[in-house]
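Only one structure is covered here, and it is reproduced in the block below.
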């Protein structure tokens, strides 16, 4: 180990800028690692990576910086994807640094190897930290071997196993590339980044060595904690670049969600979906693929999972498609997208084009359980694949005023620049997560409901049994205001709907029940697909239709001004925001025994009224 730290590194060559002639031919000149890493953003990331180790600068240079520089020399200015995340020159380099930084931050919350004695964990700590960094850095390296066609100015093809590029080059994405082949191609290249001394060192720790090999082979399901660290860090980097919430990506239990998605699809294919029909069909099964109509599968899968009390399912179809693709369930198009365009033709001559999700039949059925294949054909359209997203109809002017007041306050997402991007990344990494909770539930987040976790008061056994006896009838009942309230009661009693939690749609405020709008109505509409059909003739969104039916029941308390919507101030350790929603006149509409008020929420309207009254003024703070 000490001899490893003493080895000298060879500094990369100095960068050379492309000439005008080369630029006109679409050529790029290879740059040195020193030049490519010289940007302020990348230097900050390197500094952050060093701070997550317990090494001296000299030791860090040998164990971390040397492999990183070899990585940089190989990936040069290649993007990380053609049209998804980090799809810009140098994107793969940025993604590589980000995922290492995220992974090392996550690694700090784990004692590895799990189950070992504290003495053994301390002795192996630096090896596991380095192994985490290597696994993160190498997870996508196979892309440059199988996704890209790279050639020199004279037309000679370059492959990454030739070593770093040495002459002006150009590149393009292969049209016939197989999306998941890059995981299998990692084995071609990791020996170019990690030298034999590092391999000798790591192989002395059997648990780490096995987990690392599994990650490098793309078998994350066998890699234990190391695999989870890489997957979560990868998702966080992708979310950061796409303007999403990397904190949520870090917290997502990938394999648990993957299992729920697969189980939901298997249930729907067994109980609800119609396959291989000549016209009215939800999908078609061919010899090599299962083709499911994209909007149908998204809507019904979301509704089924929500009805099972599974939260965290995206409300937009595009996000559902991305989740299915990210979890390896939906197979990607040649250009890396989730949606396929294809034409179905039956033997009888019927033909129609659809947008599809493409799945592997082996992921759904055991060989003996697989249904018969479609007798016709499913042919992928040759034109460029584009993701089709149903457009949301414009809300009529007459319905906008109070619905606007009901919508939750959401902060606009600022465009990601180089400065605020790295600041956001480093801000997140500086928040120390606990081993079991990422992020902390009680910490307010912009755009999410904030509260304190509290279990609903359990209903008496007689009430629970009565609720259970009506469950089937309620599920079959046509959507209405009454059905919405029955669904709400049942969801709270069975804990499918949590209360007074950071993501809750139901809170207890001012001694009564507070329904967050439009979230609670959207949730109901997502679980009951018939709502959209009922709302369409009235030119309303599904949630608006439900909201109107709820209002007609007259179960809510109105403000003195006649407004239905009440504003709640939400306070937390570092942030505050507002919620909008309805107050029930009688909290026992949902609860037999009302839980305590959520201490993080208070009625802004009533507070303002009392303060103005005490000052002898009138209440003007109304929406």
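The values are calculated or read from the model by the stated rules, or taken from the named source; none is laboratory data. Computed from a predicted structure; not experimentally measured. Cβ coordinates were reconstructed from backbone atoms using ideal geometry, including for glycine residues, and neighbour counts include every protein chain displayed.
Quick notes on this one:
- The listed residues are 191, 145, and the only one of them that is assigned to a helix (DSSP H, G or I), within 33 Å of the chain's Cα centre (by Cα) and without any contact (Cβ under 8 Å) to a residue 40 or more places away in the chain turns out to be 191.
- Scanning the range 115-129 for residues that are touching a residue at least 40 places away in the same chain (Cβ under 8 Å) and buried (at least 16 other Cβ atoms within 10 Å of the Cβ) returns 124, 126, 127, 128, 129.
- Helices (runs of 4 or more DSSP H) within the range 204-298 that include 3 or more residues in contact with a helix residue (DSSP H, G or I) (Cβ under 8 Å, 6 or more places away or on another chain), modelled with pLDDT under 85 and at negative phi: 224-241, 246-251, 254-271
- Qualifying residues in the range 559-585 (those that are without any contact (Cβ under 8 Å) to a residue 60 or more places away in the chain and closer than 14 Å to residue 517 by Cβ) - the one surrounded by the fewest Cβ atoms within 10 Å (Cβ to Cβ): 567
- Some residue of the range 67-84 being over 17 Å from residue 194 (Cα atoms), free of Cβ contacts under 8 Å to residues at least 60 places away in the same chain and under 30 Å from the mean Cα position of the chain (by Cα): yes
- Out of 112, 93, 104, 55, one residue alone is crowded, with 21+ Cβ neighbours inside 10 Å, touching a residue at least 12 places away in the same chain (Cβ under 8 Å) and part of a loop (DSSP other than H, G, I, E, B). It is 112.
- Unmet criterion (only one of (1) part of a helix (DSSP H, G or I); (2) within 29 Å of residue 236 (Cβ to Cβ); (3) free of Cβ contacts under 8 Å to residues at least 60 places away in the same chain) for residue 178: (1)
- Looking only at the range 323-353, and only at residues there that are over 26 Å from the mean Cα position of the chain (by Cα) and buried (at least 18 other Cβ atoms within 10 Å of the Cβ), the one that is nearest to residue 382 (Cα to Cα): 342
- Flag set for residue 74, criterion: surrounded by 20 or more Cβ atoms within 10 Å (Cβ to Cβ) and within 30 Å of residue 206 (Cβ to Cβ).
- Qualifying residue in the range 339-355 (condition: more than 30 Å from residue 174 (Cα to Cα), without any contact (Cβ under 8 Å) to a residue 40 or more places away in the chain and either outside any loop (DSSP other than H, G, I, E, B) or in contact with a helix residue (DSSP H, G or I) (Cβ under 8 Å, 6 or more places away or on another chain) (or both)): yes
- Single unsatisfied condition, residue 541 versus (1) modelled with pLDDT of 85 or more; (2) touching a strand residue (DSSP E or B) at 6+ places or on another chain (Cβ under 6 Å): (2)
- Some residue of the range 128-139 being touching a helix residue (DSSP H, G or I) at 6+ places or on another chain (Cβ under 6 Å) and in a loop (DSSP other than H, G, I, E, B): yes
- Scope the range 356-374; condition part of a helix (DSSP H, G or I) and either touching a strand residue (DSSP E or B) at 6+ places or on another chain (Cβ under 9 Å) or closer than 21 Å to residue 298 by Cβ (or both); matching residues: 361, 363
- Within the range 165-174, the presence of a residue that is in contact with a helix residue (DSSP H, G or I) (Cβ under 6 Å, 6 or more places away or on another chain), in the same structural domain as residue 55 (by TED's automatic domain parsing) and at pLDDT below 90 is excluded.
- Residue check for residue 588: at pLDDT below 90, closer than 20 Å to residue 490 by Cα, part of a helix (DSSP H, G or I) and over 27 Å from the mean Cα position of the chain (by Cα): yes
- For the residues 531, 570, the requirement of being assigned to a strand (DSSP E or B) and not assigned by TED's automatic domain parsing to the domain that holds residue 300 singles out 570.
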